Amino acid sequence: MINKIYDFIEKTNMLAAGDMVVCGLSGGADSVCLLLSLLSISEKLNISVEALHINHCLRGDESDRDEHFCRELCTRLGVSFTAVSCNVRDFADKNGLSTEEAARKLRYAEFAAYSKGKKLATAHNANDNIETVILNLTRGTALKGLAGIPPVRDNIIRPLLVCTRAEIEQYLSSLGQEWVTDSTNLCDDYTRNKIRHGIIPLLEEINPSVVETSVRSLSAVRDEERFIEDEVAATLKECRKGNKLSGISGCAEVIRKRCIARLLSDNALPYSYKRLQQADDILLKGGKINISGKLYLVSDGHSIELISISDKEHQTVKKLLQIGKNSIFPGKSLVCEILECDDLTKIESVNKKLTFYMLDYDKIIGRAVVRNRVFGDKIMLKGRSFTSSVKKLINENIPPAQRDTLHFIEDDESTIFAENIGISQRVAPDESTKRILRIYVESMN
């Protein structure tokens, strides 16, 4: 088993000559095995080893027993030992956490504080790894979650991931080395323990070597995960500038989504499978989705960018429609003119290049107003027998940079004109039309 651990350390480049390794020592079989294993290969690796014990103060005398055991063990082995006590229950109550989560947070906070400039070794083993994968799968995960516990993360290393719990206990027994048992690990109070004591034994009925085989399976998954991450890193290096990703629409879907996920996580923004799917959709088709507060992902169908859009940009701008110039946006006007219509085909012939829009002025109901787009806009376009969502039409046809300055006209009944989209079937000119409302957009620059 020691050779297996040494080979794993070498393969994953966990340690370098001269490293000081802090061993997280709880007193359980796994952590005792970790300490003894590191000591046995410390000379070969040219490393130094010390131990850190976190007393969570959750089990009264039993917690104190564990600390005493660890102290005595390190004294016998000649290993530098430090013990730290944490008030887990108080921290859990103040922060609304479960006892398990509060203990983990406090434990890793102490680990981080104590291991600055050093390597921190934790005793996660192959059983822990398969339990983690099952837990991730139950809650919902992607390839990264199916890869299990990473062997190396920042300064944290996990040399025992290739060893099963049975191998660890057999190794300690062969040395005549005792360990302590945390009584909470023997019950099913925690979700992980339900997996440990319920699901894993069922899997072992199907394959008695399921934990051993999982070591190879998860190693393969980690290799593929690492390959994808390398591809993502290379893509980001080439295509990311600040909070904008350009030129990734031609990449594989998994690369696109991971690049977007990295963009969001670098800005401390949460994301889910559904959110990444939405973001990927607008990356390919164009559009805008709200991420958090005023932050939006905006795409023109080629690039995608995380930008802040103020509330002011969502205010409705509305004015009574005038014959002549209508200005509700800086730099452009909506020009409206009335044309007498004695022959519709002549006007259509003049407009064969569609340089302006035409609608039957006398079919307008009540007062007409010109405005920007509003939430829930719908229009039945000319030539269609169904109502379409303006948002969908915009996402399919209009670049994001133009969407906030589109002109709309509505009368007392509905939307009758949408810039760059078309007019309503209800006001479409026909053979009975007497007056045409000609509409076009004019740049003021």
Contact order relative to length of region 274-388, as percent, for alpha carbon pairs under 8 angstrom and 6 or more apart: 17 percent
Would you mind getting me the FRET efficiency between M20 and D182? Use the beta-carbon distance for r and R0 = 30 Å, nearest 0.05. 0.65
Net length gained if the chain between F227 and N136 were fully extended (0.36 nm per residue, minus Cα distance): 30.7 nm
Kindly write out, for region 242-247 in residue order, the coupling ³J(HN,Hα) from the Karplus curve 6.51 cos²θ - 1.76 cosθ + 1.60 (θ = phi - 60°), rounded to whole Hz, with x marking Gly and Pro. x, 9, 10, 10, 10, x
Whole-Hz Karplus couplings 3J(HN,Hα) for region 285-293, θ = phi - 60° and coefficients 6.51, -1.76, 1.60, Gly and Pro as x, run 10, x, x, 8, 10, 7, 9, 6, x
On a full-extension model of 0.36 nm per residue, what is the gain between Y114 and K391, subtracting their alpha-carbon distance, rounded to one decimal in nm? 94.3 nm
In Å², and per residue, what accessible area does the chain have when probed at 1.4 Å with the other protein chains present? 53 Å²
Can you compute the FRET efficiency between K332 and I309 using 1/(1 + (r/R0)^6), with r the Cβ-Cβ distance and R0 = 22 Å? Round to the nearest 0.05. 0.65
Hull volume in cubic angstrom per residue (convex hull over the Cα atoms of region 1-85): 91 Å³
As a test, work out the antiparallel percent of DSSP beta bridges whose residues both lie in the chain, rounded to the nearest 5. 75 percent
Highest mean packing first, using Cβ neighbours within 10 angstrom, the peptides 86-93, 253-260 sort as 253-260, 86-93
Within the accessible area of region 227-373, what % is carbon and sulfur when the probe is 1.4 Å and the other protein chains stay in place? 51 percent
Once the dipole of the chain is set up from charges on Cβ (+1 Lys and Arg, -1 Asp and Glu), the residue from the list S272, N290, L77 lying farthest towards its positive end is N290
Just read off the accessible area of F408 with the full protein assembly in place, 1.4 Å probe, to the nearest 10 Å². 0 Å²
Just order 282-289, 21-28, 431-438 by mean Cβ neighbour count inside 10 Å, highest at the front, would you? 21-28, 282-289, 431-438
Hydrodynamic calc, region 217-298: Kirkwood Rh from Cα pairs, then Stokes-Einstein at 25 °C with viscosity 0.890 mPa s, so D in µm² s⁻¹ is 184 µm²/s
Options (i) 30.0; (ii) 23.5; (iii) 21.6 - which one matches mean projected area of the Cα convex hull in nm² as calculated here: (i)
Taking K and R as +1 and D and E as -1, what net charge do the other residues with C-beta under 11 Å from the C-beta of C251 add up to? -1
Per residue of the chain, what 222 nm ellipticity follows from adding -39500 (n - 2.57) for every DSSP H run with n ≥ 4, rounded to the nearest 500? -13000 deg cm²/dmol
Can you tell me the FRET efficiency between K237 and L77 if r is taken as the Cβ-Cβ distance and R0 is 35 Å, rounded to the nearest 0.05? 0.15
What is region 89-219's relative contact order, in percent, from Cα pairs under 8 angstrom and six or more apart in sequence? 27 percent
On a C-alpha basis, how far is the centre of region 8-43 from the centre of region 220-252 in Å? Whole number, if you could? 33 Å
When N counts the residues of region 340-426, how does its alpha-carbon radius of gyration compare numerically with 2.2 N^0.38 Å, as a ratio? 1.13
Mean Cβ count within 10 Å, highest first, over the residues of peptides 373-383, 43-53, 268-278: 43-53, 373-383, 268-278
Below 8 Å, C-alpha to C-alpha, sequence gap of six or more: please give me the relative contact order for the chain in percent. 11 percent
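The values are calculated or read from the model by the stated rules, or taken from the named source; none is laboratory data. Note that the structure is predicted; figures quoted are calculated from it, not measured. Because the Cβ atoms are built from the backbone with ideal geometry, glycine has one as well, and the counts that use them run over all protein chains shown. Protein only, heavy atoms only, side chains kept; ligands, DNA and RNA dropped before computing areas. Shrake-Rupley method; radii C 1.70, N 1.55, O 1.52, S 1.80 Å.
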